[in-house]
Amino acid sequence: MCGIVGIAGFMPVNQSIYDALTVLQHRGQDAAGIITIDANNCFRLRKANGLVNDVFEARHMQRLQGNMGIGHVRYPTAGSSSASEAQPFYVNSPCLLYPS
């Protein structure tokens, strides 16, 4: 089972998504990811293996600008535990979440 959060607003959403993922995670998690969209309609993505506080450092959070975003924590039930399985996936447009 995975944890997913999406936020759209008038202020930057990166910290709110990070906080929500921190609440959703538990010891079985193997990866986390956040994707945001900025005022220029550019997607900003960070995802990797590990717990939320291990995946996102201050420099990553600064790059995740935007007023809309999706966050995902992965608990592997299918597939491998490689970093390529971390979500959300960005495939051209829009971003995709796949049940793992």
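The table for this structure:
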quantity	calculated
Burial order of peptide ranges 31-42, 48-59 (average beta-carbon count within 10 Å, highest first)	31-42, 48-59
Protection proxy ranking of 66-75, 17-26 - average other beta-carbon atoms within 10 Å, highest first	66-75, 17-26
Cα-centre dipole for the range 3-78 with unit charges at Cβ (Lys and Arg positive, Asp and Glu negative), debye to 20	120 debye
Taking the range 3-78 and dividing mean pair separation by its residue count, relative contact order in percent (alpha carbons under 8 Å, at least six apart)	45 percent
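Laboratory data are not the source of any read-out in this text; all were calculated from the coordinates shown. As the structure is a computational prediction, the values presented were derived from the model and not from experiment. Virtual Cβ from ideal backbone geometry, glycine too; neighbours counted across all protein chains shown.
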